[in-house]
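Contents: one structure, followed by commentary.
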Amino acid sequence: MQYDLLHYDPQQDPIQALPSTNVDALGALPARPGVYVFFGHNELPLYVGKSVNIRSRVRSHVQQPVSRRHAQMVAQTRRIAWLRTSGDLGAQLLEADLIKRWMPLYNRQLRKRVRMVSWNWPDGDDRPTLTDGQWIVTARTQFFGLFRNRRDAQMTLRDIATDESLCLRVLGLEAGSGRCFGYQIGRCRGACCGAESLEAHAQRAREAMERLRIENWPWPGRVAFRESNQHGEIGLHIVDHWHYLGSVERLDDLHALPDTRGFDIDTYRILNRFISTPSPAIEPIPIDGEIDLI
């Protein structure tokens, strides 16, 4: 089940499609998991969505538009394409990837691959440093939070410092030397002037930032997330360091997938939900490293 929509040419017909949003024609849609695409004039992608039941979800779009904008999208639709997946995980990964590739007119979220920044705090350092989020892919040090810009990252760290009586100067958020202003008004415990050791301050800061910690990729390289369903269908979703490469039916088809890397926040969030709540329908199979596939 290699998802050809990843390489879809709008001038060619997709794997499955309906010529319109005619209610009677919607019965041809599968009541299975997958991704669907609303196309407008000149094959313009209007909307990409996913569901565990494509037919039901598309029917709701067409028959019960929730807003004027939603109704406009349906009115502009010339045809609907879909591609089944082996389950919810495959549908979520494919949806997020297609939205960022095509930037459909009516998808308000996930439309761009935003370059993010993160706080990187290597062991032994007194303070974190702001780093390009792409380094999360290869670095083995600890990262905290993902932010759209430097300002948001600094504001978050400043709020944590205020709540936990941390020193803005030691954290690098305030210039100067000696006692900081926060210490003088009782908002800092004195790491800036020796009243608190730098080690104790760093420990408190790390503990306060724990809720922002980014999980390191727990495998040496690529992993195939094997997803099966009650119909006997199987999909292998290939991910490398939180970057979704595509899905195939067999590992022999890996050569057809792109060899790209880079931390992707959407893949990270999607996979973390499935990893934190294991399902018997999903099995991670390491591809690279010392573990051999059977």
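All of the numbers you see were taken from the coordinates with simple rules; none came from a lab. Note that the structure is a prediction, hence the values are computed from the model and not measured. Here the Cβ is made from the backbone with ideal geometry for all residues, glycine too, and neighbour counts use every protein chain on show.
Below is a table of values for the structure above.
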| read-out | value |
| --- | --- |
| Descending principal axes extents, region 223-294, alpha-carbon based, whole Å | 33, 28, 23 |
| Computed lengthening from residue 149 to residue 187, 0.36 nm per intervening residue step minus Cα-Cα distance | 11.0 nm |
| Radius 13 Å from Cβ of residue 198, net charge of other residues (Lys, Arg +1; Asp, Glu -1) | +1 |
| Residue-averaged 222 nm ellipticity for the chain, from DSSP H runs of 4+ at -39500 (n - 2.57), nearest 500 | -8000 deg cm²/dmol |
| Kirkwood hydrodynamic radius of region 117-214, from inverse mean 1/r over distinct Cα pairs, in Å | 13.6 |
| Gain in span if fully extended, residue 173 to residue 67, counting 0.36 nm per residue against the direct Cα distance | 33.8 nm |
| At least 15 Å along the helix axis (C-alpha) and Kyte average at least -0.5, DSSP helices within the chain | 88-102, 265-276 |
| Label point distance in nm, residue 204-residue 158, each placed 7 Å from Cα along Cα→Cβ | 2.0 |
| Label-point gap, in nm, between residue 25 and residue 273 - each point 7 angstrom along Cα→Cβ | 3.1 |
